[in-house]
Amino acid sequence: MIYLKRLIFITLITTSCQSTGQLSFEADLASNLKEVSGTEISIYSKLIWVIEDAGNSTNLYGLNIDGQIVKTVKITNALNKDWEDLTTDSKGNIYIGDFGNNNKKREKFTIYKINYNDLSKEKAEASAINFQLPKDLKSRDFEAFFLYNNAYYIFSKEAKTFSVLQVPNVTGNHIAILKSSYNFNGDKNKITAADISADGKTIVLLNHNKIWKLTDYKTDDFFSGSIENITFKHNSQKEGLCFKTNTTVLITDERNKSKGGNMYSFNLN
């Protein structure tokens with residue numbers, strides 16, 4: 001009987017590992033987090049910060065390593081039209097990308113800045129960085145961005161050729177600059193999250209079943225270097241991505257009935 005129990009236990013572990021491919025399961029997210037759309041780690045915080053997308057609250061949630069909510073910060077002066085991604089800076093401030101645009105009718109987009117000192121509070125007011133698209137660019141849906149050299153780089157969610165916008169990290173109203181357009185080979189290439197390592201040497205872009213690892217690029221010409229397509233043996237609605245170290249990322253997926261709602265780690269080396 002002991003042998004049988006041990007065999008069943010080993011089988012369950014093996015099945016679980018196979019189901020996530022190269023991903024390492026880290027935690028089951030809190031059950032009331034249904035639609036986690038952004039994930040980030042602030043340099044001076046031990047928590048993993050997450051948000052939910054359109055139709056949900058204007059809360060920034062801090063999770064422990066077990067995926068449970070231990071801190072909630074209510075952003076009192078913000079709207080959640082469609083929160084899609086998080087990023088941070090070297091001072092530990094958190095930025096919320098409210099730029100989701102599924103119906104492609106939005107004309108104005110907002111990035112909310114939450115100061116590091118406010119992450120310990122129950123309520124916070126955010127600074128707003130607003131932007132519009134260049135006149136010659138049709139409306140796009142955006143779900144991914146990061147901060148690099150004091151500018152935001154925002155990636156559109158397209159099946160084929162996607163756009164990369166640049167917006168300055170300055171409070172106020174801006175017209176975004178179209179920095180580049182690119183088309184990955186193959187299909188299922190919609191970008192759902194993005195991040196850049198703390199040392200600035202590696203960029204990762206997320207899809208439901210893969211990531212793209214970008215290295216050896218020149219300044220902000222991100223597609224000028226090496227581009228590695230890493231496909232997972234696991235397909236779910238992966239929406240959150242952030243660097244844990246310069247070589248390891250955390251990934252979260254949305255909950256869909258009995259599937260998803262988890263946090264994973266992945267070693268890029």
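The values are calculated or read from the model by the stated rules, or taken from the named source; none is laboratory data. Note that the structure is a prediction, hence the values are computed from the model and not measured. Because the Cβ atoms are built from the backbone with ideal geometry, glycine has one as well, and the counts that use them run over all protein chains shown.
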Report summary line: How many residues of the range 220-236 are in contact (Cβ under 8 Å) with a residue 40 or more places away in the chain and assigned to a loop (DSSP other than H, G, I, E, B)? The answer is 6
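Yes/no per residue for (1) modelled with pLDDT of 95 or more; (2) among the aromatic types (F, W, Y); (3) in contact with a Leu (Cβ under 7 Å, 6 or more places away or on another chain):
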{"site": "T171", "(1), (2), (3)": "yes, no, no"}
{"site": "S180", "(1), (2), (3)": "yes, no, no"}
{"site": "N183", "(1), (2), (3)": "yes, no, no"}
{"site": "G186", "(1), (2), (3)": "no, no, no"}
{"site": "K201", "(1), (2), (3)": "yes, no, no"}
{"site": "K213", "(1), (2), (3)": "yes, no, yes"}
{"site": "S224", "(1), (2), (3)": "yes, no, no"}
{"site": "I227", "(1), (2), (3)": "yes, no, yes"}
{"site": "Q237", "(1), (2), (3)": "yes, no, no"}
Query - Enumeration of residues in the range 107-139 that are modelled with pLDDT under 95 and touching an Asp or Glu at 6+ places or on another chain (Cβ under 8 Å) - result: S139
Report task. Kindly provide the set of residues from the range 243-259 that are part of a strand (DSSP E or B), within 14 Å of L29 (Cβ to Cβ), in contact with a strand residue (DSSP E or B) (Cβ under 7 Å, 6 or more places away or on another chain) and not aliphatic (A, V, I, L, M), ordered by number. Result -> T252, D253
Report task. Run down N149, N130, N117, N77 and say which single residue is on the phi > 0 side of the Ramachandran plot and over 18 Å from the mean Cα position of the chain (by Cα). Result -> N149
Query raised in the report: Is one or more of the residues making up the range 46-59 in contact with a helix residue (DSSP H, G or I) (Cβ under 9 Å, 6 or more places away or on another chain) and polar (S, T, N, Q)?
Result: no
Report summary line: Of the conditions (1) closer than 24 Å to G92 by Cβ; (2) out of contact with any Ser or Thr (no Cβ under 9 Å at 6 or more places or on another chain); (3) of a type outside the set (F, W, Y); (4) in contact (Cβ under 8 Å) with a residue 12 or more places away in the chain, the single one that K201 does not satisfy is (2)
Query raised in the report: Residues in the range 146-193 that are surrounded by 15 or more Cβ atoms within 10 Å (Cβ to Cβ) and acidic (D, E): how many?
Result: 1
Requested in this report: Those residues that are farther than 19 Å from G92 by Cα, in contact with a Phe, Trp or Tyr (Cβ under 7 Å, 6 or more places away or on another chain) and in a strand (DSSP E or B), I need them from the range 22-51; list them, please.
Outcome: S24, F25, E26, S37
Query raised in the report: Out of (1) buried (at least 23 other Cβ atoms within 10 Å of the Cβ); (2) in contact (Cβ under 8 Å) with a residue 24 or more places away in the chain, the odd one out for D98 is which?
Result: (2)
Report task. Please specify each residue of the range 204-219 satisfying the condition of being in a strand (DSSP E or B) and either in contact (Cβ under 8 Å) with a residue 24 or more places away in the chain or among the hydrophobic types (A, V, I, L, M, F, W, C) (or both). Result -> V204, L205, L206, N207, I211, W212, K213, L214
Report summary line: Counting only strands (runs of 3 or more DSSP E) wholly inside the range 135-183, the ones holding at least 3 residues that are free of Cβ contacts under 8 Å to residues at least 40 places away in the same chain and closer than 20 Å to L214 by Cβ are 162-168
Report summary line: Listed by first then second residue, the pairs whose first member lies in the range 240-263 and is free of Cβ contacts under 8 Å to residues at least 60 places away in the same chain, whose partner is of a type in the set (D, E, K, R) and part of a loop (DSSP other than H, G, I, E, B), with beta carbons under 6 Å and at least 6 positions apart or on separate chains, are N246/D199; G260/E254
